[in-house]
Protein chains: 2
Amino acid sequence: MKAHRPTPTLHDVAKAAGVSTATVSRCLNFPDQVAVRTRERVMNTVRDMGYSPNFGARAMAARRTNTIGAIIPTMENAIFARGLQAFQEELRLHGFTMLVASTSYRPDIEAEQIRTLVARGADALLLIGHERDPEIYRFLEAQGVPWLVTWAFDLDAGCPSVGFDNRAAMYAMAQKVIALGHRRLALISAETAMNDRARARKIGILEAMDEAGIDRDELHVIETPYGIENGAAAFTDLMRQAPRPTAVFCGNDVLAVGALRQAQALHIAVPADLSIMGFDDIELARVAFPALTTVHVPHREMGRRAAQALVRMVQGGITEAPVELAATLVFRDTLAQAPA
Amino acid sequence: MKAHRPTPTLHDVAKAAGVSTATVSRCLNFPDQVAVRTRERVMNTVRDMGYSPNFGARAMAARRTNTIGAIIPTMENAIFARGLQAFQEELRLHGFTMLVASTSYRPDIEAEQIRTLVARGADALLLIGHERDPEIYRFLEAQGVPWLVTWAFDLDAGCPSVGFDNRAAMYAMAQKVIALGHRRLALISAETAMNDRARARKIGILEAMDEAGIDRDELHVIETPYGIENGAAAFTDLMRQAPRPTAVFCGNDVLAVGALRQAQALHIAVPADLSIMGFDDIELARVAFPALTTVHVPHREMGRRAAQALVRMVQGGITEAPVELAATLVFRDTLAQAPA
DNA sequence: CGACATAATGCAAGCCTTGACATTTAATTT
DNA sequence: AAATTAAATGTCAAGGCTTGCATTATGTCG
């Protein structure tokens, strides 16, 4: 007899329902192992007593938490937000809950967050991109925590992933741009230091230039952090040089919208005098004026399938084969023939 | 001697370092209760063995998980994404991790998710808005899980909250619009059924109309789900009636941008012929053309302070007094004098 | 009706850490 | 040097659930 009606335990429920704790546990976890009559009685008791299993005890006994962690650069970027939403929705369908941590694009914070989520009992981890200290992969290995890479696809990395080929997508876009007569090119890129996606996108452009016989020096690159204002500032810098580029690639749509707005402010006609291309196809791209030509990334599908793969990895203990999704070009109103 | 180098336990570390488990535990949790020499030895052992505390055992013994849950309608909406980002950043500073669940604006899913996050060991919960089945509050009470409401502020609700007064903000905006001569008003609102924020915003407009002696029937209201397309469709509906409204309030910026684009498509000059007002002040509002007049919501500060308050509630066991933040009007280019 | 197969349930051993309390060691004072 | 106090460390029970295995109930078939 405790003092103030403590939260009931499995034991209490079992006693009240006149069964063993094992039976109550099974009612909750494997209902069809229990006879219907018994099950109904137990479930009613559970409801009546307002029983809710103790998380710690459960995690300890079962050695899993039904929790999957996602570690992303930031939630503010619509691209991750949408993928994450789909990821969580799919996780829910399978009875898993999502832990989220963000890194602000900083490798040190990412490493810390990975350890934190593992310590918090994440059964598996969603990571963005391949590039990180090998030590981290060793850690995950040692802890036996399955993980999966998204927002990138690189068969050579030889790890489970659900993503798309950043290089190929940007390569296709650059081909198209070059075919429209553009020769003086520029790229406003996210910082490439520890960002394999940004680097792959840049490489895609360079390879298309190689192929068209354009000197790589013709690509003027500015790296800048995420943000509309940063895109605008980078664009201003770009326009200071002579001769000006006629086509400006952007590492993502947010930078592209910044560039686009700045072009308007500088009275540069888009796409008549200058073309601007984004990457990601977030809502902003459609709403921008003129509507942005960009690369469509299947965020939602990526999130959904990543969730499915991770759930399988947790439940089956097996490793999933990499899945490549298609990123497609979306031609709107910011790309045109190079000016004469 | 186990077979394949199992993950070391506290016991293993203690033995290896030649101390008791309690000392190792203290090194990890309360370092300054342990002599420096001992601590260093222990911490080295921890590092060498790659020890990481077992989450379940820890949760069980400590009766807390250092995890706080956030339950929001959707991550795709930039408004929540930004607030959530700030929330998580602040949580991290205090050593807490964030669990996220989304409800798609559905009360039944919200109830389920609240139970799920509690079952997953959330030490406290962040909720959006006040309105929900009283049963849920009883459940949280019974489970002893502290919670806090954000994105709304209502002193009468008498519960811990960090938010702003939706009604007052919209009231201020409506006053301004009416002062500019607008009399035929419209509102494209999110669905108000189980959404106290949307309802409060609508009431704010109605109260301003009362005050100005405008009949409440002069406000034509359309409710629609979230989304640019929905905003556009609602706007089209609105324009079918005669006489047309001269000012269209929107429940959020996304709907407003949809309306704005549709106005352009219908060749209705904004703001010369018609004014459009949003709510939230997300990035989209600044980038839209013309830039959107809207209500600025202090997302980041709200998220940050909500995190601080919840951490205090978890650690101190005390209830926090409600905090009201200011939502301010941002006048850009979609509001002007009513046409003659 | 007895033997046997199968379904349902019970038993009890972990799982690993925390924290109250006890004990030992070190430092300080008299 | 003894007495006192504070700091450091140790002991050990408790915490609630899962799950392999054992046992009992139920049903079927010859």
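How many residues does region A:214-224 hold that are open to solvent by 70 Å² or more (accessible area, probe 1.4 Å) and not acidic (Asp, Glu)?
2
How many residues does region A:251-271 hold that are closer than 21 Å to A:Lys176 by Cα and either touching a Pro at 6+ places or on another chain (Cβ under 8 Å) or within 14 Å of another protein chain (Cβ to nearest Cβ) (or both)? Even if it seems obvious, please write down each step before you answer.
The first filter runs over region A:251-271 and keeps only residues closer than 21 Å to A:Lys176 by Cα, leaving A:251-253, A:255-257, A:259-260, A:269-271.
Subsequent filtering for residues that are either touching a Pro at 6+ places or on another chain (Cβ under 8 Å) or within 14 Å of another protein chain (Cβ to nearest Cβ) (or both) retains A:252-253, A:255-257, A:259-260, A:270-271.
Residues that pass the stated criteria total 9.
If you check A:Glu207 against the conditions, is it open to solvent by 50 Å² or more (accessible area, probe 1.4 Å), touching a helix residue (DSSP H, G or I) at 6+ places or on another chain (Cβ under 8 Å) and closer than 21 Å to A:Leu284 by Cα?
Working: open to solvent by 50 Å² or more (accessible area, probe 1.4 Å): yes; touching a helix residue (DSSP H, G or I) at 6+ places or on another chain (Cβ under 8 Å): yes; closer than 21 Å to A:Leu284 by Cα: no.
Criteria not met by A:Glu207.
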request  = Could you list, in sequence order, all residues of region A:78-137 that are among the hydroxyl-bearing types (Ser, Thr, Tyr) and at the interface with chain B (Cβ under 9 Å from one of its Cβ atoms)?
outcome  = A:Thr97, A:Ser102, A:Ser104, A:Thr116
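Being more than 9 Å from chain B (Cβ to nearest Cβ), open to solvent by 30 Å² or more (accessible area, probe 1.4 Å) and of a type outside the set (Lys, Arg): is that true of A:Leu140 here?
On the way: more than 9 Å from chain B (Cβ to nearest Cβ): yes; open to solvent by 30 Å² or more (accessible area, probe 1.4 Å): no; of a type outside the set (Lys, Arg): yes.
No; evaluated as a whole, the condition is false for this residue.
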query = Which members of region B:146-165 meet the condition of being out of contact with any Lys or Arg (no Cβ under 6 Å at 6 or more places or on another chain) and of a type in the set (Gly, Ala, Ser)?
reply = B:Ala157, B:Gly158, B:Ser161, B:Gly163
Among (1) part of a helix (DSSP H, G or I); (2) open to solvent by less than 30 Å² (accessible area, probe 1.4 Å); (3) in contact with a strand residue (DSSP E or B) (Cβ under 7 Å, 6 or more places away or on another chain) - the single one B:Ala186 does not satisfy = (1)
message = Any residue at all in region A:272-281 that's in a helix (DSSP H, G or I) and either within 12 Å of chain B (Cβ to nearest Cβ) or more than 21 Å from the chain's Cα centre (by Cα) (or both)?
response = no
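Quick one: in region A:26-47, of everything that is within 14 Å of chain B (Cβ to nearest Cβ) and farther than 12 Å from A:Asp12 by Cα, which residue is farthest from DNA strand D (Cβ to nearest atom)?
Only one residue tops the list, namely A:Arg47.
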query = What is the one condition in (1) buried (at least 21 other Cβ atoms within 10 Å of the Cβ); (2) more than 12 Å from DNA strand C (Cβ to nearest atom); (3) in contact (Cβ under 8 Å) with a residue 40 or more places away in the chain that A:Leu99 does not satisfy?
reply = (3)
task = Examine region A:149-170 for a residue that is without any contact (Cβ under 8 Å) to a residue 40 or more places away in the chain and crowded, with 24+ Cβ neighbours inside 10 Å, and state whether such a residue exists.
result = yes
Selected residue [within 26 Å of A:Met194 (Cβ to Cβ), open to solvent by less than 20 Å² (accessible area, probe 1.4 Å), touching a helix residue (DSSP H, G or I) at 6+ places or on another chain (Cβ under 6 Å) and not assigned by TED's automatic domain parsing to the domain that holds A:Gln85] from A:Gly251, A:Gly227 = A:Gly251
message = Cβ-Cβ distance below 6 Å, separation of 6 or more or different chains: which pairs start in region A:260-281 with a residue that is closer than 18 Å to A:Ala169 by Cα and end on one that is modelled with pLDDT of 95 or more and aromatic (Phe, Trp, Tyr)?
response = A:Met277/A:Phe249
query = So which residues in region A:155-183 are modelled with pLDDT of 95 or more and hydrophobic (A, V, I, L, M, F, W, C)?
reply = A:Val162, A:Phe164, A:Ala168, A:Ala169, A:Met170, A:Ala172, A:Met173, A:Ala174, A:Val177, A:Ile178, A:Ala179, A:Leu180
ask   = In this structure, does A:His11 turn out to be away from DNA strand C (no atom under 16 Å from the Cβ), touching a helix residue (DSSP H, G or I) at 6+ places or on another chain (Cβ under 7 Å) and away from chain B (no Cβ under 12 Å)?
value = no
message = Need pairs with beta-carbon distance below 7 Å; first residue near DNA strand C (Cβ under 7 Å from one of its atoms) and within region A:30-43, second assigned to a helix (DSSP H, G or I); sequence gap 6+ or separate chains.
response = A:Gln33/A:Arg26; A:Val34/A:Thr23; A:Val34/A:Arg26; A:Val34/A:Cys27; A:Thr38/A:Thr23; A:Arg39/A:Cys27; A:Arg39/A:Pro31
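The values are calculated or read from the model by the stated rules, or taken from the named source; none is laboratory data. The structure presented is a predicted model; accordingly, all values stated were derived computationally and were not measured. With ideal geometry, Cβ positions are generated from the backbone for all residues, glycine too; neighbour counts draw on all protein chains shown. All accessible areas refer to the heavy atoms of the entire protein, side chains included, with ligands and DNA or RNA removed. Shrake-Rupley method; radii C 1.70, N 1.55, O 1.52, S 1.80 Å.
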